[in-house]
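S.K.: Right, I'll just put the structure down here and ask away after.
Please treat every number below as a calculation from the coordinates, not as lab data. Because the structure is predicted, anything quoted here is derived from the model rather than measured. Neighbour counts run over all protein chains shown; Cβ positions are idealised from the backbone, glycine included.
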2 protein chains.
Amino acid sequence: MVKFLDEAAVKAALHWDPLIETMERALIAFSAGRVLQPVRNVMTIEEGKRYLGVMPAAAEDAMGLKLVSFYPGNAGTGVPTHMAMVLLFRAATGEPLAVMDGRLITEMRTAAASAVATRALAKPDAQVLAVLGSGVQARAHVEALRLVRPFRDIRIWGRTTANAERCAAEVGAVAVASAEEAVAGADVVVTATSASEPVLRGAWLAPHAHVNAAGRAASSTTRWSAARSSSRIRARR
Amino acid sequence: MVKFLDEAAVKAALHWDPLIETMERALIAFSAGRVLQPVRNVMTIEEGKRYLGVMPAAAEDAMGLKLVSFYPGNAGTGVPTHMAMVLLFRAATGEPLAVMDGRLITEMRTAAASAVATRALAKPDAQVLAVLGSGVQARAHVEALRLVRPFRDIRIWGRTTANAERCAAEVGAVAVASAEEAVAGADVVVTATSASEPVLRGAWLAPHAHVNAAGRAASSTTRWSAARSSSRIRARR
């Protein structure tokens, strides 16, 4: 019988530490070529209005699929712009096992992947974390990255000052007035905005800085510019 | 809240007459270019052993996706070789609405599509139906096609005589000894076998015969030969 897990059930089952360990194993398996994961396929149902992302993946011991609907016009209607489901199958037989609400899984998995990268690549005694963005992913990244590095100074910048201040207060960080100020001297930088223009300049970064470019899952490639800019930075370092 | 419908719930909700009407509307919308339905994408996870089919579709008033796992090695283990889920989303907002067991939906939808074609294309007073195959699709096709034409002589042929006899007894048909005998003079012919070689020859068909080539959903294109052969026949008529 297929299990259905709504967000409350997912929340009760999903914890940062085992998730970060699991993401590390998953990324190692992926890099070793032991995971089959086609490039994400986003169906444009109606340009600018309706998108459906279909993301299957299969490994030796796991097979699953994430579905994400992206409806920009839902903004402000009470219905989220992104909704997701994650489906699991028994890898050995193909039997459907579980259908799970995908919102919290997406939120935590994204930040857990950054935590894996940060643990592997950032300065072991990293103290300063800069987060560009003040939304769900900003909060999740602070939670996850704190588990892998002993940050003492966490700076949040957002394009809307009030949001950055609220986010900073919630996670025990400090809101700063500019992205450049946030990044100056930071050991680890996270970009987690939906900005359509780059928010991070390579010249601002300390030479040893590690950048987690979470970016935005957008249908239009042009919206990836911020994430791509910082990915290039990370790739060059 | 997403509804989950297991096979029993699907069975209680799904009836031939409204399904045939719905399939007719869906096929008209598809032919008029009002449905977005990418070519079926079957992921080969392990050649000959594990396949996952991902089939999204979107129309103005409906959006959904079917997932089918195909594990040939499950044959004889008690776990079906094909398992399917059908997911529905609210077209206007992208909200997930329902997750449904896909086995019976697949069975009935396939035969309902043939019923739509038969109603549109076969002789109005068609009396003789020949079914090549004696499995699930053979039974479903007899049930569905009976609703659109006044068949009096229904012939079932299968490669395994005992299966054909059992199928014929169950649906009130007559088992015949050869495919050619089944097809001779038939007004409507259904191919519904998993044969890897063609089971129907064009020379056997009455000039007015309508052929529903259900064929086999296989991962390897070569297994489609039977269906493709009869599709070509249908296309030429």
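S.K.: Considering the options B:Met85, B:Ala126, B:Thr106, tell which one lies farthest towards the positive end of the dipole of region B:74-128, charges being +1 on Lys and Arg and -1 on Asp and Glu at the Cβ, about the Cα centre.
M.R.: Of the options given, the answer is B:Ala126.
S.K.: Please provide three numbers in whole Å: the alpha-carbon extents of region B:143-190 along the principal axes, with the largest listed first.
M.R.: Rounded to whole Å, the extents work out to 28, 22, 14 Å.
S.K.: What distance in nm lies between label points placed 7 Å from Cα along the C-beta direction at B:Lys123 and A:Ala177?
M.R.: So the label points at B:Lys123 and A:Ala177 sit 8.9 nm apart.
S.K.: Just counting partner chain Cβ atoms within 10 Å, what average do the residues of peptide B:7-19 show around their Cβ?
M.R.: 0
S.K.: Taking the Cα centre as origin and putting +1 on Lys and Arg beta-carbons and -1 on Asp and Glu beta-carbons, what dipole magnitude results for chain A, to the nearest 20 debye? Please list the in-between numbers first.
M.R.: Working: 28 positive and 21 negative charges, 111 e Å.
For this selection, approximately 540 debye.
S.K.: Does anyone have the angle between helix A:136-145 and the longest principal axis of chain A? Alpha-carbon axes, 0 to 90°, nearest 10?
M.R.: 80
S.K.: Related question: Under 5 Å between amide H atoms, partner at least 5 residues away or on a different chain: which partners does B:Val190 have, H built in plane at 1.01 Å?
M.R.: B:Ala130, B:Val131, B:Leu132, B:Asn212
S.K.: Let me ask something else about it. Nearest 0.05, what FRET efficiency do B:Ile28 and A:Thr22 give at R0 = 35 Å with Cβ-Cβ as r?
M.R.: Once the sixth-power term is evaluated, E becomes 0.15.
S.K.: Right, another one. Once R0 is set to 45 Å, what does the formula 1/(1 + (r/R0)^6) return for the Cβ-Cβ distance between B:Glu170 and A:Glu143, expressed as a FRET efficiency to the nearest 0.05?
M.R.: FRET efficiency, B:Glu170 to A:Glu143: 0.15.
S.K.: Which angle from 0 to 90°, rounded to the nearest 10, does the C-alpha axis of helix B:161-171 make with the longest principal axis of chain B?
M.R.: Once rounded, one gets 70 degrees.
S.K.: One decimal, nm, shortest first: give the distances between the label point of B:Leu147 and those of the same position in the other copies, each label point 7 Å from Cα along Cα→Cβ.
M.R.: B:Leu147 label point versus its equivalents elsewhere: 5.1 nm.
S.K.: Further, regarding this structure: Could you work out, residue by residue across B:50-59, how many beta carbons of other chains sit within 10 Å of that residue's beta carbon, and then give the average as an integer?
M.R.: Mean shielding by partner chains, rounded to a whole number: 5.
S.K.: Something else now. Just to confirm a number: summing +1 for Lys and Arg and -1 for Asp and Glu over residues other than A:Ala164 whose beta-carbon lies under 12 angstrom from that of A:Ala164, what do you get?
M.R.: Around A:Ala164, the surrounding residues sum to +1.
S.K.: Once the label point is placed 7 Å from Cα along Cβ, list for B:His15 the distances to the corresponding points in the other copies, in nm, shortest first.
M.R.: 5.1
S.K.: Do any trypsin sites (Lys or Arg not before Pro) in region B:1-100 lie in a DSSP loop with no more than 13 other beta carbon atoms within 10 Å, and if so, which? Intermediate results must be reported in sequence, preceding the final value.
M.R.: On the way: sites: B:Lys3, B:Lys11, B:Arg25, B:Arg34, B:Arg40, B:Lys49, B:Arg50, B:Lys66, B:Arg90; in loops: B:Arg34, B:Arg40, B:Lys49, B:Arg90.
Taking region B:1-100 and a limit of 13 other Cβ atoms within 10 Å, the loop trypsin sites (Lys or Arg not before Pro) found are B:Arg34, B:Arg40.
S.K.: Follow-up question, since we're still on this one. Evaluate peptide A:60-71: per residue, the Cβ atoms of other protein chains within 10 Å of its Cβ; return the mean as an integer.
M.R.: Taking the mean over all residues of the peptide, I get 3.
S.K.: So, in nm, how far is label A:Thr77 from label A:Ala12 when the simple model puts each one 7 Å beyond its Cα toward the Cβ?
M.R.: With each label placed 7 Å out from Cα toward Cβ, I get 3.2 nm.
S.K.: Roughly how many debye, to the nearest 20, is the charge dipole of region A:9-52 about its Cα centre, given +1 on each Lys and Arg Cβ, -1 on each Asp and Glu Cβ, and no other charges?
M.R.: With only Lys, Arg, Asp and Glu charged at Cβ, the dipole is about 140 debye.
S.K.: If the only charges are +1 at each Lys and Arg Cβ and -1 at each Asp and Glu Cβ, what is the size of the charge dipole of the protein assembly as shown around the Cα centre, to the nearest 20 debye?
M.R.: It works out to roughly 1060 debye.
S.K.: For the protein assembly as shown, what's the radius of gyration and Dmax over Cα atoms, in angstrom?
M.R.: Cα-based Rg and Dmax for the protein assembly as shown come out at 27.5, 86 Å.
S.K.: Next question. Placing a label point 7 Å from Cα toward Cβ, how far apart in nm is A:Val136 from its equivalents in the other copies, listed shortest first to one decimal?
M.R.: 3.6
S.K.: Further question: With N residues in region B:44-182, what two-decimal value do you get for its Cα radius of gyration over 2.2 N^0.38 Å? Could you put the intermediate results ahead of the total?
M.R.: Details: Rg = 18.1 Å, N = 139, 2.2 N^0.38 = 14.3 Å.
Against the empirical 2.2 N^0.38 Å value, I get 1.26 for region B:44-182.
S.K.: Explain nothing, just compute: Karplus ³J(HN,Hα) = 6.51 cos²θ - 1.76 cosθ + 1.60, θ = phi - 60°, for every residue of region B:26-35 in order, whole Hz, x for Gly and Pro.
M.R.: Here the 3J(HN,Hα) series is 5, 5, 5, 4, 4, 5, 8, x, 9, 10 Hz.
S.K.: If I build a Gaussian network model for chain B, linking alpha-carbon pairs within less than 10 angstrom, which residue out of B:His210, B:His82, B:His141 has the largest mean-square fluctuation?
M.R.: B:His82
S.K.: Please find, in a Gaussian network model of chain B (springs between Cα atoms separated by less than 10 Å), the residue of B:Arg155, B:Arg109, B:Arg166 whose mean-square fluctuation is greatest.
M.R.: Of the options given, B:Arg166 has the highest mean-square fluctuation.
S.K.: Just from its helices, what would the mean residue ellipticity at 222 nm be for chain A, if runs of 4 or more DSSP H residues each count -39500 (n - 2.57) and the sum is divided by every residue, rounded to the nearest 500 deg cm²/dmol? Can you show the working numbers first?
M.R.: Working: 7 runs with 80 residues, N = 237.
Per the formula, -10500 deg cm²/dmol.
S.K.: On a 0 to 90° scale, report how tilted helix B:103-121 is relative to the longest principal axis of chain B, with both axes built from alpha carbons and the result rounded to the nearest 10.
M.R.: In chain B, helix B:103-121 runs at an angle near 50 degrees to the longest axis.
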